[in-house]
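The values are calculated or read from the model by the stated rules, or taken from the named source; none is laboratory data. If you're wondering where the values come from, they're calculated on a predicted model, not measured in any experiment. Here the Cβ positions follow ideal geometry from the backbone for every residue, glycine too, while neighbour counts run over all protein chains shown.
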Amino acid sequence: MKLATGMVMKEIDNYCIGDLKLPGIVLMENAALKVVGNLDLKNINCFAVVCGKGNNGGDGFAIARHLVVLEKKVEVFLIGTKEGMSEDCLTNYNILLNMGVNITKINNVEDVNELRDAAARCEVTIDALFGTGLSKNVDGIYDMVISVINENSSYILSVDVPSGFNSDTGKIMGNSIKANKTVTFQLYKKGFLSYGSDKYTGEVIVEAIGVPQWVVDKFHENEFIVDRQMVKEKLQVRDKYAHKGDYGRVLIAAGSKGFTGAAYICAESAVRSGAGLVTLCCSEDIQPVLSAKLVEAMTITFKERNRLKEAVEKCSAIAIGPGMGNNEETLEGVRYALKNSSCPVVIDADGINVLKDNLELIKNRENKVVLTPHLGEMSRITGLSIDYIKQNRIEVSQQFAKEYGVVVLLKGYNTVITDGTITMINPTGNSSMASGGMGDCLTGIIGSFIGQGYNPLEAAYLAAYVHGYAGDKLSEKMFCVNAEHVIENIPYVIKELQQ
């Protein structure tokens, strides 16, 4: 599923109308029909349709027309007067008038009372005030109307984007409709991915409205939401003649005294997600514990320099950082792995923390680096505040990935995975997984997938999807899901997603 900004949608519309000579009124009609198709017409008979002067309002007038034709009770409102209406909006406005439909104009506080009463008595309010083109805060009568709709409606459906919601950033432009459902057109809007956006969008439905796919591809900016079909197509089916050497040698450097769990989880995740050979490198004092716990993975210590050197030279992926501690020894471990390996290196947790003031280590390396920070770790290495990153997750990730030539996987609600050119958003995972060790589990899967031959960007977004999907499946029957639950289910989930 592709993502878009308001500017991308404007360019697509302009190209369709200007170059293809596809009339805007046709796109508007298609949009209206798709919204009507998302209404429960069998059980709902009374609708209030609130329209602005732009093309979003034109969608609303067209929706109202179809509902009238279907013999529904429809109350239609125009905020302001018809002066300044877009051409296509005016066309649909006039059609309604010619059909004898009353359109109530809202210009002052007294008029708003009529809307308040209509919203209260109708079963559904359709919000068609503002679309993706909103660029300034709503105020005056529009602010009042949005509040009245929110406070008095039983159910709100927003057309394309909730009015007052910035479709690029997810920020509220003074005031915003709080929709139960948003029917958006052609592409999923970037702002819908922001923290807290679901309070305003409700359920989001993406509907195609007749734009040719090649036109979308022409203006699309390589930003996607990972979906199940994409994962199915990418997950490799195993060759019946393959052996363990075909599925990679993965070296995990993790753990310290008191943090053996991080090392175990990371290594076991790599094993369970299909790596051919997994070796855990850890400090000497915890090796006996981990050797006893790990059945399929081998262990070595940092002091075994010859074995470590051989493992680094032969491995096809390295994952480093979980549970190692934010200290000089961890920094030296990261430096050693980057300097002496020729394979991709996944850096997580304390491996990321020690990069603060040492980012030159990862910049534009021939062997690709994958960073998997959470918000706090991203803040530490960028110097940006957590709040700023939270509000600009995609842009911050893209900029960092491009500047340093790395793949960034920024964890959180709708995890962002990007190499600075292509950006993938992972939709799986939920708060039942909010427990220690989940990040270590994900790191192990990424390292395993790289070892099996996926390129680093593919490995990162496939691992994120598999990891989150396992959590989603488990949370259907479990209140909380721990890393060990996910580890146990990884092979089953991958098999399911392949089928």
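Summary of values
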item: Verdict on Ala317 being in contact (Cβ under 8 Å) with a residue 40 or more places away in the chain and either touching a helix residue (DSSP H, G or I) at 6+ places or on another chain (Cβ under 9 Å) or assigned by TED's automatic domain parsing to the domain that holds Asp440 (or both); result: yes
item: Filtered residues of the range 300-337 (kept if more than 30 Å from the chain's Cα centre (by Cα) and aliphatic (A, V, I, L, M)); result: Ile300, Leu308, Ala311, Val312, Leu331, Ala337
item: Restricting the range 195-249 to residues that are of a type in the set (D, E, K, R) and farther than 28 Å from Asn414 by Cβ, the residue that is surrounded by the fewest Cβ atoms within 10 Å (Cβ to Cβ); result: Lys240
item: Some residue of the range 140-152 being more than 24 Å from Asn45 (Cβ to Cβ) and surrounded by 23 or more Cβ atoms within 10 Å (Cβ to Cβ); result: yes
item: Residue list for the range 270-295, restricted to those being farther than 22 Å from Gly325 by Cα, part of a loop (DSSP other than H, G, I, E, B) and either hydrophobic (A, V, I, L, M, F, W, C) or touching a strand residue (DSSP E or B) at 6+ places or on another chain (Cβ under 7 Å) (or both); result: Ala275, Gly276, Val295
item: Any hit, the range 50-60, residues being on the phi < 0 side of the Ramachandran plot, assigned to a helix (DSSP H, G or I) and more than 31 Å from the chain's Cα centre (by Cα); result: no
item: Qualifying positions in the range 441-470 - over 23 Å from Leu294 (Cβ atoms) and part of a helix (DSSP H, G or I); result: Pro456, Leu457, Glu458, Ala460, Tyr461, Leu462, Ala464, Tyr465, Gly468, Tyr469
item: Extreme residue, nearest to the chain's Cα centre (by Cα), among residues of the range 471-492 that are buried (at least 21 other Cβ atoms within 10 Å of the Cβ) and assigned to a helix (DSSP H, G or I); result: Gly471
item: Tally, over the range 397-414, of residues that are over 21 Å from the mean Cα position of the chain (by Cα) and surrounded by fewer than 19 Cβ atoms within 10 Å (Cβ to Cβ); result: 2
item: Residue within the range 416-436 that is closer than 23 Å to Val250 by Cα, in a helix (DSSP H, G or I) and touching a Cys at 6+ places or on another chain (Cβ under 7 Å) present; result: no
item: Condition check for Gly84: in contact with a Lys or Arg (Cβ under 8 Å, 6 or more places away or on another chain), in the same structural domain as Met144 (by TED's automatic domain parsing) and surrounded by fewer than 17 Cβ atoms within 10 Å (Cβ to Cβ); result: yes
item: Residue that is within 18 Å of Asn94 (Cα to Cα) and of a type in the set (D, E, K, R), where the choices are Asp59, Asp40; result: Asp59
item: Of the criteria (1) over 25 Å from Ala4 (Cβ atoms); (2) in contact with a Pro (Cβ under 8 Å, 6 or more places away or on another chain), which one Asn113 fails; result: (2)
item: Candidates Ile445, Ile394 - the one that is closer than 15 Å to Val226 by Cβ, of a type in the set (Val, Ile, Thr) and either touching a Gly at 6+ places or on another chain (Cβ under 8 Å) or crowded, with 21+ Cβ neighbours inside 10 Å (or both); result: Ile445
